[in-house]
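Read through the structure below, which is laid out as structure tokens, and then see the notes.
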Amino acid sequence: THTQLIPDSVDVYAPQAILDTMQAAYTERIHLKDLIKSGSQPIRMSRTRGMRFFPDSVKLFTEVDLLTRQSCEVPVQGINFPADKTLRTFPSSVRVSYLVPQGRVRQIDLQEFTVVISYTELIENHTSRCRPHLSNTPKGVTGALMDPLEVDYLLESLVNEEELIVPQQKKGRK
């Protein structure tokens, strides 16, 4: 939703002492709730003793973008892992559903969604399940939800091939 006040400024008539300390002119409070279509409405300037505004009201224009629910698969990534550890999750990705204005659906870069599990969180976890976190979403996305909320995981230790000890075969006698 985009809003605009017209005019964006008003003339103020008041004693000089008030004008010297004045930083902004305010409108009466309004509540915009459950907007489903664009429109405009007049708003009166807030009544303040000793002050007059010209004009005494402004027009609020609201442009409403309808939201649509979209979804995508996002791989689960491990963060803060030591070099000799790797994370395996089951499933390896989660479905993220989100709300986006209809006019921006094609502008959403799905690569900007990031779902992570931190190594420090896993070492304190004493179960085989954990909860991934949605750490990044594209600009303009709201109401993002993940499914499933928990995944099974395994921590694997990587072995450096140079460190492997290969048993030598004994030469037998004939």
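The values are calculated or read from the model by the stated rules, or taken from the named source; none is laboratory data. Quick caveat: nothing in here was measured; it's all calculated off a predicted structure. All Cβ positions, even for glycine, are placed from backbone atoms using ideal geometry, and neighbour counts span all protein chains on display. Just the protein is used for accessible areas: all its heavy atoms, side chains included, with ligands, DNA and RNA removed. Shrake-Rupley method; radii C 1.70, N 1.55, O 1.52, S 1.80 Å.
Looking only at region 7-30, filter to residues that are closer than 30 Å to Gln102 by Cα and open to solvent by 80 Å² or more (accessible area, probe 1.4 Å); which one of those is farthest from the chain's Cα centre (by Cα)?
The selected residue is Asp8.
Is it the case that region 39-58 has a residue that's under 30 Å from Leu145 (Cβ atoms), at pLDDT below 90 and within 28 Å of the chain's Cα centre (by Cα)?
There is no residue in region 39-58 that is under 30 Å from Leu145 (Cβ atoms), at pLDDT below 90 and within 28 Å of the chain's Cα centre (by Cα).
What is the one condition in (1) closer than 30 Å to Leu154 by Cβ; (2) in contact (Cβ under 8 Å) with a residue 24 or more places away in the chain; (3) not basic (Lys, Arg) that Gly50 does not satisfy?
Result: Gly50 fails condition (1) only.
Considering only residues that are open to solvent by 60 Å² or more (accessible area, probe 1.4 Å), in a loop (DSSP other than H, G, I, E, B) and in contact with a strand residue (DSSP E or B) (Cβ under 8 Å, 6 or more places away or on another chain), which ones fall in region 31-85?
Leu32, Leu35, Ser38, Asp56, Leu66, Asn80, Asp84
Within region 72-94, identify whether any single residue is in contact with a His (Cβ under 9 Å, 6 or more places away or on another chain), of a type outside the set (Val, Ile, Thr) and either in contact (Cβ under 8 Å) with a residue 24 or more places away in the chain or within 30 Å of Tyr13 (Cα to Cα) (or both), and answer yes or no. It would help to see each step written out before you state the result.
If we filter region 72-94 for residues that are in contact with a His (Cβ under 9 Å, 6 or more places away or on another chain), which is where we start, we get none.
Within region 72-94, not a single residue is in contact with a His (Cβ under 9 Å, 6 or more places away or on another chain), of a type outside the set (Val, Ile, Thr) and either in contact (Cβ under 8 Å) with a residue 24 or more places away in the chain or within 30 Å of Tyr13 (Cα to Cα) (or both).
Any residue at all in region 59-78 that is over 27 Å from the mean Cα position of the chain (by Cα) and not small (Gly, Ala, Ser)?
yes
Filtering region 95-142 down to residues that are in a strand (DSSP E or B) and open to solvent by 40 Å² or more (accessible area, probe 1.4 Å), which residue is farthest from Pro82 (Cα to Cα)? Break it down stepwise before answering.
Kept after step one, since they are in a strand (DSSP E or B), are these residues of region 95-142: 95-101, 114-118, 129-130, 133-136, 142.
Now narrow it down to the ones that are open to solvent by 40 Å² or more (accessible area, probe 1.4 Å): 95, 99, 129, 133-136, 142.
Details: Arg95: 27, Leu99: 36, Arg129: 20, His133: 19, Leu134: 21, Ser135: 20, Asn136: 22, Thr142: 33 Å.
Checked region 95-142; the qualifying residue farthest from Pro82 (Cα to Cα) is Leu99.
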